[in-house]
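These notes are about the structure you will find just below.
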Amino acid sequence: MNRWPSRKRDADLERELRSDLELEEEEQRERGASPEEAHYAALRAFGNPTVIREQTRTEWSWSWTESLLRDLRYGMRTLRRTPGFTVIAILIMAIGIGANIALFTVVRGVLLKPLPYNDPGRLVLMYEADRSQPHPAPWLPVDAGSFWEWQRSAGSLAELAMVSPFQGYIVSAEGGKLPEVVGAAWCTNNFFPLLGVQPMLGRLFTPDDDRAGAPATAVITASFWKSRYASDPNIVGKPIWLDAKIHTIIGVLPATFVYSGAFGGAADQIWTPVQHDAPASLLKAYGDHEFLVVGRLASGVSMTALEARLDALQKQIKSAHPEPAVHRDVIARTMLDDAVHNYKTPLYALLGATGCVLLIACMNVASLLVARAASRSREFAIRTALGGGRLRLIRERLIESLLLSMVGGAVGLLLAGGALKWFIHVRDDMNRVESIHFDAVVAAFTVAVVALCALFSGLISAVSSGRNNVLTGLQESSRSHSGGRSRAILRRVLLTVEVGLTIVLLVGAGLLLKSFERLRSSDLGVPVDNVLTLRVGLPDVRYPKPEQRIAFFEQLIQRVRALPGVSSAGLVSTAPGEGWNGDDLMSIAEHPPLPPGQGFDFMLRGADPGYFSAIGLPILKGRTFSEDERMDRANVVLISRGAAQEYFPGEDPIGKHLRAIDGSGTWQVIGVVGDVRWDVAQPPKPTLYWPIYG
């Protein structure tokens, strides 16, 4: 802004005021007053020149901007004179504002931001459930037999697609690249069109690809294309060996595509058509829960209407297929809720906690401003006596608070950026973590938080002394009236509220830290220090016979045990912490028969005799497997302590027999081992271990 016109107007105003005073003095002298008496009489008749200047400036155009700039410069000079107070206040604001920016960015990206699909509000996930069980089991994956009937019945209500994100492929060595085990998924040919996903290169599956006799095809993710093929632009049409079977890469998914849900899928890098790659028996089975069902609701159709139709159909399916593993109910939830369901409560709780931290920070800064205002009461009183308006003084307080909040917000933004980088690094396995970044909404939130902090702190400071008259201000500036009763009461109120909020936050933080420590220290139920896990897979084409697979794994584990620094090693089908990966219903042969369709639910794990010592899982009772209990002699099992306590209360399970509800076999319990968490977010579940060479 050009300051010359402002200076010229001020000079003109001064000349005008001086001319008017001189005329008034001349009139007083003509009436017989002495020069000194004429001067003071003119001032009394004319009024306070300072007030007149301020009133005149308010009538000029753009005067409010000039006044605001003056107040900003005055506020910066005032804060520079007290660097200790300024630095402390900025740091307090930075911590409060930075924590809220960071948590809001996480909540915004994970919970609030729409999914990166076409019209995501109409996408739903359909699950099987069984409310008739003593412990109802919701959110169960779907069997393929039920899906095909659901798809036909959905009709005009919705389009349904099926996906199995639990798969994995062994990518064979080629072109100098080592073999690797890669997360993969099967899907129906309408899965990607249903989501509205378009390929970055090539094409997606067609109905002709999704059939048993079609040529083998695959679609890969952008990250796999970049890491495995160095972003080769000619990748479409090239072969890839999956489980020793040749597939043709027909397309590359866009970099923005990430499928993540309650049952995982974010790590899947290769997609293949389900009716080509899944076993034919699995595609016809009822009760083998290997699939998730994604639906796109038709316009005007509610999720409740689709859920009601499929629920009625599932009850008919249960009547036609009364096997225990076939469930009778259907439940649904939105695709966004499915992806973030496990994170909602913790993230909202943390956001509320950071809101309390921000409130405490504002109160701390307000207390500092109130104390600072008490030390400046004489200054304010003198300025008021000289004609300074109350609103002008309040505005100066607000501007000081705004400057502190703005600088604190800038520092807090830097702290939030560093915190987010750390969070994304340590929680890269979190669903929708790729959506966490600053955007326009976060910027607007930051501006709003800074403004609210400035208004809150500044108004409290202004109210603390806004009602004092000039005499009170001058009295409070003396040594015997250093504080002022109103300010003392306000500081006590602020201190009381701060202490109350701090106690609540400390209690909440203690509980969170206790839960976090429990999660970090005992989440798996076994020692994790110096324990390394590796995933190994064998293609069925090259190792079709069980004897070949057993020979391979025996040779492998012997070589691993012979490596320097390896004290013990073992094999297990699923390592602790890797999630669900299979369960089954059992009955106890020595117990009374269970009602039809009911059974004791066990997590199923295969293990070799060396696994338990390698993982540090104690044998509490009985024994582990012997070397000759394999193949046709693998009719023994171990159970976890939780299974023994829940399913064999008050009795010794050793020697008892477990029988599969589906009639596939009977096994004798020979030992009891400790409990393990298969999912870090869930308590240990009853587990059954069978010989991995069985």
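The values are calculated or read from the model by the stated rules, or taken from the named source; none is laboratory data. Because the structure is a prediction, the values reported are computed rather than measured. Please note: Cβ atoms are built from the backbone with ideal geometry, for glycine as well, and neighbour counts cover all protein chains shown. The accessibility values were calculated without ligands, DNA or RNA, using every heavy atom of the protein model including side chains. Shrake-Rupley method; radii C 1.70, N 1.55, O 1.52, S 1.80 Å.
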How many residues of the range 562-588 are within 24 Å of His327 (Cα to Cα) and either open to solvent by less than 40 Å² (accessible area, probe 1.4 Å) or touching a helix residue (DSSP H, G or I) at 6+ places or on another chain (Cβ under 6 Å) (or both)? The answer is 6
Per the filter on the range 331-361, residues closer than 27 Å to Val142 by Cα and without any contact (Cβ under 8 Å) to a residue 12 or more places away in the chain are Asp337, Thr345
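Based on what the data block shows, is Arg549 under 22 Å from Trp667 (Cβ atoms) and surrounded by fewer than 17 Cβ atoms within 10 Å (Cβ to Cβ)? Step through it out loud before you land on a result.
Working: under 22 Å from Trp667 (Cβ atoms): yes; surrounded by fewer than 17 Cβ atoms within 10 Å (Cβ to Cβ): yes.
Here the answer is yes, as Arg549 does meet what is asked.
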Across the range 279-306, the tally of residues that are modelled with pLDDT of 90 or more and buried (at least 20 other Cβ atoms within 10 Å of the Cβ) stands at 9
Within the range 193-213, the residues that are under 25 Å from Asp119 (Cα atoms) and without any contact (Cβ under 8 Å) to a residue 12 or more places away in the chain are Pro193
Taking the range 665-679 and keeping residues farther than 12 Å from Val637 by Cβ and open to solvent by less than 60 Å² (accessible area, probe 1.4 Å) leaves Gly674, Asp675, Val676, Arg677, Trp678
Note on the range 595-621: residues farther than 17 Å from Ala644 by Cβ, of a type outside the set (D, E, K, R), in contact (Cβ under 8 Å) with a residue 24 or more places away in the chain and not in a strand (DSSP E or B) are Pro596, Gly597, Gln598, Pro609, Gly610, Tyr611, Ser613, Ala614, Ile615, Gly616
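Go through the range 637-659 and count every residue that is open to solvent by 10 Å² or more (accessible area, probe 1.4 Å) and in a strand (DSSP E or B).
Taking the range 637-659 as the starting set, the residues that turn out to be open to solvent by 10 Å² or more (accessible area, probe 1.4 Å) are 641-642, 644-647, 649-652, 654-657, 659.
Still in the running and in a strand (DSSP E or B): 657, 659.
Selection size over the range 637-659: 2.
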If we ask which residues in the range 220-238 are farther than 14 Å from Ala267 by Cα and hydroxyl-bearing (Ser, Thr, Tyr), their number turns out to be 2
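Ser457: modelled with pLDDT under 85, surrounded by 18 or more Cβ atoms within 10 Å (Cβ to Cβ) and more than 34 Å from the chain's Cα centre (by Cα), yes or no?
Values: modelled with pLDDT under 85: yes; surrounded by 18 or more Cβ atoms within 10 Å (Cβ to Cβ): yes; more than 34 Å from the chain's Cα centre (by Cα): no.
Judged against the criteria, Ser457 is not a match.
Taking into account only those residues within the range 73-112 that are of a type in the set (S, T, N, Q) and part of a helix (DSSP H, G or I), which is surrounded by the most Cβ atoms within 10 Å (Cβ to Cβ)? Before you say what the answer is, go through the steps one by one.
Pass one, the range 73-112, residues of a type in the set (S, T, N, Q): 78, 82, 86, 100, 105.
Okay, now just the ones that are also part of a helix (DSSP H, G or I), so 78, 86, 100, 105.
Details: Thr78: 17, Thr86: 19, Asn100: 22, Thr105: 24.
Ranking the candidates gives Thr105 first.
So is Pro618 over 37 Å from the mean Cα position of the chain (by Cα) and open to solvent by 20 Å² or more (accessible area, probe 1.4 Å) or not? Break it down into steps so the answer makes sense when it comes.
Numbers: over 37 Å from the mean Cα position of the chain (by Cα): no; open to solvent by 20 Å² or more (accessible area, probe 1.4 Å): yes.
Answer is no for this residue.
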A careful count of residues in the range 239-272 that are in a loop (DSSP other than H, G, I, E, B), open to solvent by 50 Å² or more (accessible area, probe 1.4 Å) and either at pLDDT 95 or above or among the aliphatic types (A, V, I, L, M) (or both) gives 3
For the range 658-665, does any single residue satisfy the condition of being among the acidic types (Asp, Glu), under 42 Å from the mean Cα position of the chain (by Cα) and under 24 Å from Gly577 (Cα atoms)?
no
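Where residues in the range 327-339 are in contact with a helix residue (DSSP H, G or I) (Cβ under 9 Å, 6 or more places away or on another chain) and assigned to a helix (DSSP H, G or I), which of them is surrounded by the fewest Cβ atoms within 10 Å (Cβ to Cβ)? Explain how you work it out, then say what you get.
Of the range 327-339, the ones in contact with a helix residue (DSSP H, G or I) (Cβ under 9 Å, 6 or more places away or on another chain) are 327-337, 339.
Subset that is assigned to a helix (DSSP H, G or I): 335-337, 339.
Working: Met335: 22, Leu336: 21, Asp337: 14, Ala339: 23.
Among those that are in contact with a helix residue (DSSP H, G or I) (Cβ under 9 Å, 6 or more places away or on another chain) and assigned to a helix (DSSP H, G or I), it is Asp337.
Can you tell me which of Tyr127, Tyr117 is assigned to a strand (DSSP E or B) and either open to solvent by less than 70 Å² (accessible area, probe 1.4 Å) or modelled with pLDDT of 90 or more (or both)?
Details: Tyr117 fails: assigned to a strand (DSSP E or B).
Exactly one residue qualifies, and that residue is Tyr127.
How many residues, within the range 288-326, are assigned to a helix (DSSP H, G or I) and of a type in the set (Ser, Thr, Tyr)? I'd like the intermediate steps shown before the answer.
Initially, the range 288-326 is screened for residues assigned to a helix (DSSP H, G or I), giving 303-320.
Next cut, of a type in the set (Ser, Thr, Tyr) only: 304, 319.
So the count comes out to 2.
Any idea which of Tyr611, Tyr689 is of a type in the set (Ser, Thr, Tyr) and closer than 16 Å to Met586 by Cα? Working first, answer last.
Numbers: Tyr611 fails: closer than 16 Å to Met586 by Cα.
Going through Tyr611, Tyr689 in turn, just one is of a type in the set (Ser, Thr, Tyr) and closer than 16 Å to Met586 by Cα: Tyr689.
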Filter the range 595-613 for residues that are within 27 Å of Ser164 (Cβ to Cβ) and among the charged types (D, E, K, R); the one that is surrounded by the fewest Cβ atoms within 10 Å (Cβ to Cβ) is Asp601
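So if I check each of Ala267, Ala244, Ala305, which one is among the hydrophobic types (A, V, I, L, M, F, W, C) and at positive phi?
On the way: Ala267 fails: at positive phi; Ala305 fails: at positive phi.
When all the criteria are applied, what remains is Ala244.
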*Given the structure, is Asp662 closer than 14 Å to Gly599 by Cα, open to solvent by 60 Å² or more (accessible area, probe 1.4 Å) and at pLDDT below 90?*
yes
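Go through the range 289-331 and give me each residue that's more than 19 Å from Ser132 (Cβ to Cβ) and aliphatic (A, V, I, L, M).
First pass over the range 289-331, keeping only residues more than 19 Å from Ser132 (Cβ to Cβ): 290-306, 309.
Selection gives Leu292, Val293, Val294, Leu297, Ala298, Val301, Met303, Ala305, Leu306.
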Filter the range 405-448 for residues that are over 24 Å from Thr256 (Cα atoms) and among the hydroxyl-bearing types (Ser, Thr, Tyr); the one that is most open to solvent (accessible area, probe 1.4 Å) is Thr446
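Taking only the range 554-586 into account, find how many residues are part of a loop (DSSP other than H, G, I, E, B) and acidic (Asp, Glu). Please lay out each step first, then the result.
Applying the first criterion (part of a loop (DSSP other than H, G, I, E, B)) to the range 554-586 yields 562-571, 573-582.
In the following step, the residues that additionally are acidic (Asp, Glu) were identified as 578.
Going through the range 554-586 one residue at a time, the tally reaches 1.
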All-but-one check, Pro592 against (1) open to solvent by less than 70 Å² (accessible area, probe 1.4 Å); (2) at pLDDT 85 or above; (3) not aromatic (Phe, Trp, Tyr), failing number (1)
